[in-house]
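Below is one structure, written out as structure tokens; comments come after it.
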Amino acid sequence: MSRRFEAPKGTFDQLPPASGSRAEVERIMLEQARLAGYQPIETPIFEDTAVFARGVGEATDVVQKEMYTFSDKGGRSLTLRPELTAGVVRALIEHGRLTTGLTKVVCSGPQFRYERPQAGRQRQFSQVDIEAMGSDAPAIDADVVLVGHEVFRRLEIPVTLLLTSLGDPVCRPAYREALLAFLNGLGDKLPAAARARAEQNPLRVLDMKDPLVEELTAEAPLMRDFLCGACKAHDEAVRELLAGAGVEWVEAPRLVRGLDYYVRTTFEWQAGSLDAAQNALGGGGRYDGLSEALGGPPAPGIGWALGLDRTVLALEQAGRLPADPWRLDALVLPLVPAAVVPAQGLVRDLRRAGLVADLPYVERTLNGHMKAAAKAGARTVVILGEQELAAGQAAVRDMTARDQLPVPLDQVVDHVRRVAGGGAP
RNA sequence: GUGAUCGUAGCUCAGGUGGUUAGAGCGUCGGGUUGUGGUCCCGAAGGUCGGGGGUUCGAGUCCCCUCGGUCACCCCA
């Protein structure tokens, strides 16, 4: 026997029926985006390495140690996308979509980061992402957040929205200096890891989990108190709009992003139900300036992404996974050779009517077929035996009611629709 | 990248101090007499004990290496 293979480290397979629930979560997110006017966009899974290096930021951990970078046979340096925003912005710039007006897009798909896997953190992971580019109006910030609010509402999953403003190139440098001064003032009381981080990106010291660091930085200056007039006005307008839309949030002045492009409005949804370190189900923020960094025209933007795998995990733990929508409405069962052709025709008609219909394809006793149909959750079984054929009928069994009726062949579709549509658990 | 922990049938797990043909439950398949279901009864299939090396008369059980899972740090959605 030859060697058996396993999925590569940090990747996983999605098999039915769990894959059905997962697809349903993705569908709900895409649907909410569509209702809010976001149009589908698709970009390559790999890009010129520089797109991410410049877009995400040379100094970030993502770029420095987590990218899947390789050379193709033409000697180009390419990178499997570690996130979606940079590629989307590159595409919008390339096709001249950022010169005028507002562009709202949504996309979904796998991304890749070389990390040590754990629950909710895989080397290949999927996100559903929305981006709105071309406006710095606070209303668009609220619009983007509202999409997420509705998604989590529909999924009936308890989340907390963390919200803050990271300032902009006008006010952040002064804050950075103040924070750095504060951290330096702590001297060697600060652990080495924190001091090292302070040199790279002092803001990130604020979200370290080391209790000692938390204690030492309890009185650290906060960006919130350093916002310039424009940022402050923007922030207040966003909050007013969100409050008006009934969105609740928690102030998170220490919320920090690991991607360099974020400015001003920044947010994250945390799962209350997810008992894991990776509990951010979705997050994002404003990234004015990213377009310019990628060689495009000035075009402010904001967006966020839903972590699909984590959201499914959280739904699982909360016992709220959406039902798998692939359950059979009708299993059509030809009992004699002469019934095979009419059965195929029935299946075609049922499917045309939008019902999930299938044949068994395997040899089994009638008893066996019934057992299998029950186990699979089929709502009806349409039996075509000798007697039924002779009468031009099918026996349609309602599996929930355990009730069976002879139905003329040309009425089977309507009958199944009535039975299957009615009693949905 | 650092630390910890685990790895026995498709799934969840048993397998004292190493000792004949490795077990259970669930699941799967078949049967419980003519064409009818999830409970019940009977039966069957299914395992190079993650992989490699070592110690030993003998290893699923001990040692080393390696691969993978999980958890925390780190990072992030």
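Annotations for the structure displayed:
- Contact map, the stretch A:17-45: first residue over 24 Å from A:ILE140 (Cβ atoms), second residue in a helix (DSSP H, G or I) and charged (D, E, K, R), Cβ cut-off under 9 Å, separation 6 or more or different chains; pairs are A:ALA18/A:GLU316; A:SER21/A:GLU316; A:ARG22/A:ASP309.
- Scope the stretch A:172-190; condition under 23 Å from A:TYR262 (Cα atoms) and either acidic (Asp, Glu) or touching a residue at least 40 places away in the same chain (Cβ under 8 Å) (or both); matching residues: A:ARG172, A:ALA174, A:TYR175, A:GLU177, A:ALA178, A:LEU179
- Hits in the stretch A:386-425 (condition: of a type in the set (S, T, N, Q) and farther than 17 Å from A:LEU355 by Cβ): A:GLN387, A:GLN393, A:GLN404
- Applying the condition of being more than 10 Å from RNA strand B (Cβ to nearest atom) and either touching a residue at least 12 places away in the same chain (Cβ under 8 Å) or of a type in the set (Val, Ile, Thr) (or both) to the stretch A:397-410 and asking which residue is nearest to A:PRO337 (Cα to Cα) yields A:LEU409.
- Residue in the stretch A:224-240 that is buried (at least 19 other Cβ atoms within 10 Å of the Cβ), basic (Lys, Arg) and more than 9 Å from RNA strand B (Cβ to nearest atom) present: yes
Conditions (1) in contact (Cβ under 8 Å) with a residue 40 or more places away in the chain; (2) open to solvent by 70 Å² or more (accessible area, probe 1.4 Å), marked per residue:
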position	(1), (2)
A:LEU161	yes, no
A:VAL170	yes, yes
A:ALA196	no, no
A:GLU199	no, yes
A:LEU206	yes, no
A:THR217	no, no
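For (1) surrounded by 13 or more Cβ atoms within 10 Å (Cβ to Cβ); (2) among the hydrophobic types (A, V, I, L, M, F, W, C); (3) under 30 Å from A:GLN278 (Cα atoms), each residue gets a yes or a no:
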residue: A:PRO325; (1), (2), (3): no, no, yes
residue: A:PRO334; (1), (2), (3): yes, no, no
residue: A:ALA339; (1), (2), (3): yes, yes, no
residue: A:LEU350; (1), (2), (3): yes, yes, no
residue: A:LEU359; (1), (2), (3): yes, yes, no
residue: A:GLU363; (1), (2), (3): no, no, no
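- Residue count for the stretch A:289-318 under the criterion of being farther than 26 Å from A:ARG123 by Cα and of a type outside the set (A, V, I, L, M, F, W, C): the result is 9.
- For A:PRO300: the one exception among (1) touching a helix residue (DSSP H, G or I) at 6+ places or on another chain (Cβ under 7 Å); (2) open to solvent by 20 Å² or more (accessible area, probe 1.4 Å): (1)
- Scanning the stretch A:203-222 for residues that are in a loop (DSSP other than H, G, I, E, B) and modelled with pLDDT of 85 or more yields A:THR217, A:ALA218, A:GLU219, A:ALA220, A:PRO221, A:LEU222.
- Qualifying residue in the stretch A:90-106 (condition: of a type outside the set (A, V, I, L, M), more than 10 Å from RNA strand B (Cβ to nearest atom) and touching a Phe, Trp or Tyr at 6+ places or on another chain (Cβ under 8 Å)): yes
- Any hit, the stretch A:26-47, residues being among the charged types (D, E, K, R) and over 20 Å from the mean Cα position of the chain (by Cα): yes
- Exactly one residue among A:LEU315, A:LEU366 is touching a helix residue (DSSP H, G or I) at 6+ places or on another chain (Cβ under 7 Å) and either closer than 27 Å to A:THR400 by Cβ or modelled with pLDDT under 95 (or both), and that residue is A:LEU315.
- Every test in (1) open to solvent by 60 Å² or more (accessible area, probe 1.4 Å); (2) in a strand (DSSP E or B) is passed by A:PHE5 save one, and that test is (2).
- In the stretch A:39-61, residue nearest to RNA strand B (Cβ to nearest atom) [restricted to those that are more than 25 Å from A:VAL256 (Cβ to Cβ) and of a type in the set (D, E, K, R)]: A:GLU47
- Matching strands (runs of 3 or more DSSP E) fully within the stretch A:31-114 where at least 1 residues are outside the structural domain of A:GLY282 (by TED's automatic domain parsing), surrounded by 16 or more Cβ atoms within 10 Å (Cβ to Cβ) and at pLDDT 95 or above: none
The values are calculated or read from the model by the stated rules, or taken from the named source; none is laboratory data. Bear in mind the structure is a predicted one, so any value in this text is a computation, not a measurement. We place every Cβ from the backbone using ideal geometry, glycine too, and count neighbours over all the protein chains shown. Please note that ligands, DNA and RNA were not included when accessible areas were found on the heavy atoms of the full protein model with its side chains. Shrake-Rupley method; radii C 1.70, N 1.55, O 1.52, S 1.80 Å.
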